[in-house]
Amino acid sequence: MRIGLIPLDERPVNTRYPLMIAGIAGINLVLPPRELLSSYRTPAPCDELAAWLRGIAGGLDGLIVSCEMLGYGGLIASRITDESSGMVMRRLDLLRDLKRDHPERTIYGFNLITRVSNADSAIEEPRYWAHAGTRMYRLSQLLDRAAQDEPIAAELESLRAELDPADVDDFLRRRARNHAVNLAVLHMLAEDAFDLLVLSSDDTNPYGLPSAEKRWLTHWADLLGLSDRSIADTSKSDIGYPVRTNPKCLMYPGADEVGCALLARMINRRAGRVPRFEIAYAIPGGEEIVAPYEDGPVRVTVERQIRAVGGEFVERDGDFWLAVNPPVPRRSEWHPAHAAQERAERLPYLESFVDQIGARMDAGQRVIVADVAYPNGSDPVLIDLLRERIDLTRLVAYGAWNTAGNTIGTALAQGCAALDIRTEAQQRAQTRCLLHRFVEDWGYQQGVRAETRDWLQSRTEQHDPTPANLAATQVWIECRLQERVEQLPGFAGRYRIVPGSVHLPWQRTFEVDFELERMEGGA
């Protein structure tokens, strides 16, 4: 099977991860050449990208397309560029042509409801976000609350007086453009240009312009009969609303995992299967906690991601046992100030949970571990227990990165791909992908990233590298990551970080890229 992927942007989470999952399933995944993708704040050359896609489309069995990349030139481009909605829509019209010329080809599309970042940082936002980001976030919240008739007019007026009217106009104009594009993409779905469309939400909250836009889009998806909600259907999901069995539009919090989830869905569709997932939560009641950056209990996140990969959840006899370490009630990143208390509260439950994981694997069941206790890295208590008590190499998938949706979606995708393992090459791809997740989610995100920031701060008084020290920083990270590989039973002595492969894609410490290789003589 040959599948094309137009990714959300050029970062490893959107390119390397899908390639690893495709390797496990024995799929030929075709991505655009690097020069045709975005480069941080520089948009992709959209016309050249479209020409490339048109040229290869005839040889594809399926296609997964980020509308941000094809229409705007990438994720950041969708937030900062000034091109008209008409220009973006004309670029996306190519997908209508491809579906018309090859109606048998499956096309999955995905697009984001643009986030409103709650930080005074312009790394991924318009330049004025550096001094006005948190106030723009508050403005978004107040505008939505005012639209719902809350008595906040005086507060809203005061805030608007603090902000540069040109910045506010730019912010609102760009949101109106992006919302118009989302409506257009929904219209394309109604015309059958896509077999499935995901409209996901990045960094969600109960209030704000993104939440309002999601409500409007949901209303239209319902009216057009495209969503997973149906007035005529009386069956209920755990989400609590009537469910249509085969929706054409899925809407849920997510971003960087969507490409992997849709790849898994296409793999499952090709195999004619609906994977079944049993779900277990490590902490009683933890399934009701809302994870950071999400808008519903983590059990809802789990259900949404299972539906995204084309699976279903069952009470028993599943293809997988999905072991979820739910969010801590504090709903924030791991912090040493809270570590002792959270360890004491959670340790008895996690010990029992890890023993259950081992027992399930001993009974021959495929186990996926989704650790969403903290955003942006592993729970150190859980990972220590896993390293001590089970054979890590026997897990089908593991994830603990960024948001709960990111973690769960990629872990499910790897599990689905593993159902197709038939050759030694595929098994090696599976082992390498599993190790990559441990090294990145535990090794880097939970430990080495903070160590790197401290190391840089002590030398340069800033926690991200500069062009002058980038190479030295990457070498330093490589050494620390190799130490983490040696602390993983079952992988130590067998694999290593490929020398010189560590890379900071956006020249910041938030994300890292690296390659793994099996050592000569390693078992």
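The values are calculated or read from the model by the stated rules, or taken from the named source; none is laboratory data. Not measured: the values here are computed from a predicted model. Glycine also receives a Cβ, built like all others from the backbone with ideal geometry; neighbour counts cover every protein chain displayed. Heavy atoms of the whole protein, side chains included, go into the accessibility calculation; ligands, DNA and RNA do not. Shrake-Rupley method; radii C 1.70, N 1.55, O 1.52, S 1.80 Å.
Only one residue in R11, R2, R79 is at pLDDT 95 or above, open to solvent by 50 Å² or more (accessible area, probe 1.4 Å) and under 28 Å from I408 (Cβ atoms). Which one?
None of the other options fit; the residue is R2.
In the stretch 302-318, what count of residues is obtained for those that are among the polar types (S, T, N, Q) and either at pLDDT below 95 or open to solvent by 20 Å² or more (accessible area, probe 1.4 Å) (or both)?
Let us first name the residues in the stretch 302-318 that are among the polar types (S, T, N, Q), namely 305.
Now restrict to residues that are either at pLDDT below 95 or open to solvent by 20 Å² or more (accessible area, probe 1.4 Å) (or both): none.
The number of residues fulfilling the criteria is 0.
For the stretch 371-391, what are the residues that are under 16 Å from Q356 (Cβ atoms) and open to solvent by 30 Å² or more (accessible area, probe 1.4 Å)?
Once the filter is applied, which keeps residues that are under 16 Å from Q356 (Cβ atoms) and open to solvent by 30 Å² or more (accessible area, probe 1.4 Å), the stretch 371-391 yields E388, R389, D391.
Kindly indicate whether F510 is surrounded by 13 or more Cβ atoms within 10 Å (Cβ to Cβ), out of contact with any Ser or Thr (no Cβ under 6 Å at 6 or more places or on another chain), of a type outside the set (G, A, S) and in contact (Cβ under 8 Å) with a residue 12 or more places away in the chain. I'd like the intermediate steps shown before the answer.
Details: surrounded by 13 or more Cβ atoms within 10 Å (Cβ to Cβ): yes; out of contact with any Ser or Thr (no Cβ under 6 Å at 6 or more places or on another chain): yes; of a type outside the set (G, A, S): yes; in contact (Cβ under 8 Å) with a residue 12 or more places away in the chain: yes.
The answer is yes for F510.
Kindly indicate whether L481 is under 30 Å from V302 (Cβ atoms), in contact with a strand residue (DSSP E or B) (Cβ under 7 Å, 6 or more places away or on another chain) and free of Cβ contacts under 8 Å to residues at least 40 places away in the same chain.
no
Any residue that is under 30 Å from L60 (Cβ atoms) and of a type outside the set (V, I, T) - is there at least one of those in the stretch 345-354?
no
This table checks each residue for (1) in a loop (DSSP other than H, G, I, E, B); (2) touching an Asp or Glu at 6+ places or on another chain (Cβ under 7 Å); (3) of a type in the set (D, E, K, R); (4) open to solvent by less than 50 Å² (accessible area, probe 1.4 Å).
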{"site": "G133", "(1), (2), (3), (4)": "no, yes, no, yes"}
{"site": "R138", "(1), (2), (3), (4)": "no, no, yes, no"}
{"site": "Q141", "(1), (2), (3), (4)": "no, no, no, yes"}
{"site": "D144", "(1), (2), (3), (4)": "no, no, yes, yes"}
{"site": "E155", "(1), (2), (3), (4)": "no, no, yes, no"}
{"site": "L159", "(1), (2), (3), (4)": "no, no, no, yes"}
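Read through the list (1) over 19 Å from L199 (Cβ atoms); (2) at pLDDT 95 or above; (3) of a type in the set (G, A, S); (4) open to solvent by 20 Å² or more (accessible area, probe 1.4 Å), then give the number of the only condition that A25 fails.
A25 satisfies every listed condition except (4).
Could you please give the count of residues in the stretch 402-418 that are under 24 Å from R494 (Cα atoms) and open to solvent by 10 Å² or more (accessible area, probe 1.4 Å)?
Matching residues across the stretch 402-418 total 1.
Pull out all pairs, ordered by first then second residue, where Cβ-Cβ is under 8 Å, the residues are six or more apart or on different chains, the first lies in the stretch 128-151 and is in contact (Cβ under 8 Å) with a residue 12 or more places away in the chain, and the second is crowded, with 21+ Cβ neighbours inside 10 Å and among the charged types (D, E, K, R).
That search, which allows pairs on different chains as well, returns G133/E125.
Scan the stretch 161-186 for residues that are over 25 Å from the mean Cα position of the chain (by Cα) and open to solvent by less than 20 Å² (accessible area, probe 1.4 Å) and jot them down.
Within the stretch 161-186, L163, V168 meet the criteria.
Sort through A44, A51 and tell me the only one that's surrounded by fewer than 15 Cβ atoms within 10 Å (Cβ to Cβ), out of contact with any His (no Cβ under 9 Å at 6 or more places or on another chain) and not in a strand (DSSP E or B).
A51
From (1) in contact with a His (Cβ under 9 Å, 6 or more places away or on another chain); (2) closer than 28 Å to A417 by Cβ; (3) open to solvent by less than 10 Å² (accessible area, probe 1.4 Å); (4) not small (G, A, S), pick out the condition that doesn't hold for L435.
(1)
Identify all residues within the stretch 370-401 that are part of a loop (DSSP other than H, G, I, E, B) and either of a type outside the set (A, V, I, L, M) or over 24 Å from the mean Cα position of the chain (by Cα) (or both); write none if there are none.
Y374, P375, N376, G377, S378, D379, I390, D391, W401
Looking at the structure I just gave you, is V367 in contact (Cβ under 8 Å) with a residue 24 or more places away in the chain, crowded, with 20+ Cβ neighbours inside 10 Å and under 18 Å from the mean Cα position of the chain (by Cα)?
Taking the combined requirement at face value, the residue does not satisfy it.
Go through the stretch 255-277 and report how many residues are within 22 Å of the chain's Cα centre (by Cα) and either part of a strand (DSSP E or B) or of a type in the set (D, E, K, R) (or both).
Count: 6.
Please determine whether any residue of the stretch 287-301 is touching a Lys or Arg at 6+ places or on another chain (Cβ under 7 Å), modelled with pLDDT of 95 or more, closer than 30 Å to D195 by Cα and among the charged types (D, E, K, R).
Within the stretch 287-301 (the criterion being touching a Lys or Arg at 6+ places or on another chain (Cβ under 7 Å), modelled with pLDDT of 95 or more, closer than 30 Å to D195 by Cα and among the charged types (D, E, K, R)), the answer is no, since none of the residues qualifies.
Condition (residue is closer than 29 Å to F277 by Cα and aromatic (F, W, Y)) applied to the stretch 453-474: is it met by at least one residue? First the steps, then the outcome.
As a first pass, look at the stretch 453-474 and keep what is closer than 29 Å to F277 by Cα: none.
Looking for residues that are closer than 29 Å to F277 by Cα and aromatic (F, W, Y), one finds none in the stretch 453-474, hence no.
Under 8 Å by Cβ, and 6 or more places apart or on different chains, what pairs join a residue from the stretch 169-187 that is in contact (Cβ under 8 Å) with a residue 24 or more places away in the chain with one that is among the charged types (D, E, K, R)?
Cβ pairs passing all conditions: R174/R79; R174/D82; R175/E213; H179/E213; N182/E213.
Show the residue pairs that are 6+ apart or on different chains and have beta-carbon atoms under 9 Å apart, the first residue being within the stretch 26-38 and at positive phi, the second being in a loop (DSSP other than H, G, I, E, B).
G26/M1; G26/D420; G26/I421; G26/R422; G26/T423
Inspect the stretch 86-107 for any residue being of a type in the set (S, T, Y) and within 18 Å of R2 (Cβ to Cβ) and give the result as yes or no.
yes
Of all residues in the stretch 317-364 being within 19 Å of L395 (Cα to Cα) and assigned to a loop (DSSP other than H, G, I, E, B), which is farthest from the chain's Cα centre (by Cα)?
Among those residues, the one meeting the criterion is A363.
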